[in-house]
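What follows is a short report on a single structure.
The values are calculated or read from the model by the stated rules, or taken from the named source; none is laboratory data. Since this is a predicted model, take the numbers as computed values, not measurements. Cβ: placed from backbone, ideal geometry, glycine included. Neighbour counts: every protein chain shown. Keep in mind that these areas ignore ligands, DNA and RNA; they rest on the heavy atoms of the full protein, side chains included. Shrake-Rupley method; radii C 1.70, N 1.55, O 1.52, S 1.80 Å.
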Amino acid sequence: MSKFLYVFLVAVLLTSCSQYQKALKSEDLAMKYEVATKMYDAGKYSKAIRLFEQIAAPNRGKPQAEKLFYMFAQSYYKTKQYYLSGYQFESFVAGYPKSEKREEAAFLGAKSFYQLSPVYSIDQTDTQKGIDKLQEYINAYPDSPNMVEANKMITELRQKLEKKAFEIAKQYNTIGEWSRDYNAAIKALDNFIVDYPGTIYKEDALFYKFDSTYKLAINSIHSKMEDRLHTAKTAYSALIRFKEDTKYKAKADEMLATIDKELQQFSK
């Protein structure tokens with residue numbers, strides 16, 4: 001880089017910074033809007049946001065407001081402030097129903113809620129909200145070029161809810177290890193299988209249900225043991241019918257042998 005070009009770039013940068021600081025302190029809304037737009041176009045979204053926050057309310061309803069609020073929402077999205085971008089995009093869609101940016105804003109608003117979805121192990125309120133918002137978008141724009149991505153995001157979010165539900169049901173089996181109460185685990189796993197019939201965790205759920213019925217039977221008082229052992233055998237059969245070569249087969253067969261051995265005492 002030549003010395004002249006370096007000096008020129010530094011001068012431009014200093015001028016830009018000077019304009020920005022001046023705009024922040026100015027009462028001139030037109031100046032703030034102009035500088036905010038320059039910051040936005042230059043990809044300096046955090047700086048643009050500070051100015052947009054100052055001029056959003058006074059400009060509402062004015063001719064330039066549509067562009068302003070679109071850039072405002074985009075700036076939040078670009079800086080990964082997804083709660084704020086989701087809110088701003090939704091407000092844009094509601095406020096400018098005839099805008100050519102409406103569909104894009106609707107998609108990015110829904111995608112903002114998708115971005116807010118946390119890991120499956122914590123509260124999934126935002127995940128469900130993301131699904132709802134994406135479904136609203138799909139319903140409103142069925143021919144959108146974003147349809148493939150929107151459906152992919154919904155599938156990912158639903159799988160996260162499914163994983164969460166499975167882990168909760170499985171946890172009841174773990175709790176049963178020390179509480180000796182496996183009825184809650186059996187019920188939770190049954191509910192999971194009913195609620196998610198096509199789940200990728202069905203093999204696991206069927207095994208843990210079998211495991212729960214097995215442990216309930218083995219730890220039962222004598223008067224209840226026979227019926228519970230037969231219930232456990234039925235759970236074993238359900239697992240094998242679903243997947244004959246299940247990854248749990250060695251352990252399940254070992255448990256089945258114990259069940260059959262215990263049942264022999266009732267046939268004598």
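Residues in the stretch 93-123 that are hydrophobic (A, V, I, L, M, F, W, C), open to solvent by less than 70 Å² (accessible area, probe 1.4 Å) and within 25 Å of Glu162 (Cα to Cα): Phe107, Leu108, Ala110, Phe113, Leu116.
Applying a threshold of 6 Å to beta carbon distances and a minimum spacing of six or more residues, or different chains, the list of pairs starting in the stretch 37-53 at a residue that is more than 13 Å from Gln21 (Cβ to Cβ) and ending at one that is not basic (Lys, Arg) and not in a helix (DSSP H, G or I) reads Tyr45/Thr79; Ser46/Thr79.
Lys243 - would you say it is under 15 Å from Leu189 (Cβ atoms) and modelled with pLDDT of 95 or more? No: the conditions fail for Lys243.
Residues that are under 21 Å from Glu177 (Cα atoms) and in contact with a helix residue (DSSP H, G or I) (Cβ under 7 Å, 6 or more places away or on another chain) were ranked within the stretch 240-254; the one that is surrounded by the fewest Cβ atoms within 10 Å (Cβ to Cβ) is Tyr248. Among the residues of the stretch 76-123, those identified as over 14 Å from Glu136 (Cα atoms), among the polar types (S, T, N, Q) and assigned to a helix (DSSP H, G or I) are Ser85, Gln88, Ser91, Gln115.
The lone criterion from (1) under 30 Å from Arg158 (Cα atoms); (2) part of a helix (DSSP H, G or I); (3) basic (Lys, Arg); (4) open to solvent by 50 Å² or more (accessible area, probe 1.4 Å) left unmet by Lys67 is number (1). On the basis of being small (Gly, Ala, Ser) and either in a loop (DSSP other than H, G, I, E, B) or surrounded by 14 or more Cβ atoms within 10 Å (Cβ to Cβ) (or both), does Ala257 make the cut? For Ala257, the condition - small (Gly, Ala, Ser) and either in a loop (DSSP other than H, G, I, E, B) or surrounded by 14 or more Cβ atoms within 10 Å (Cβ to Cβ) (or both) - is not met. Residues in the stretch 126-150 that are open to solvent by less than 30 Å² (accessible area, probe 1.4 Å) and polar (S, T, N, Q) were compared, and the one that is farthest from the chain's Cα centre (by Cα) is Ser144.
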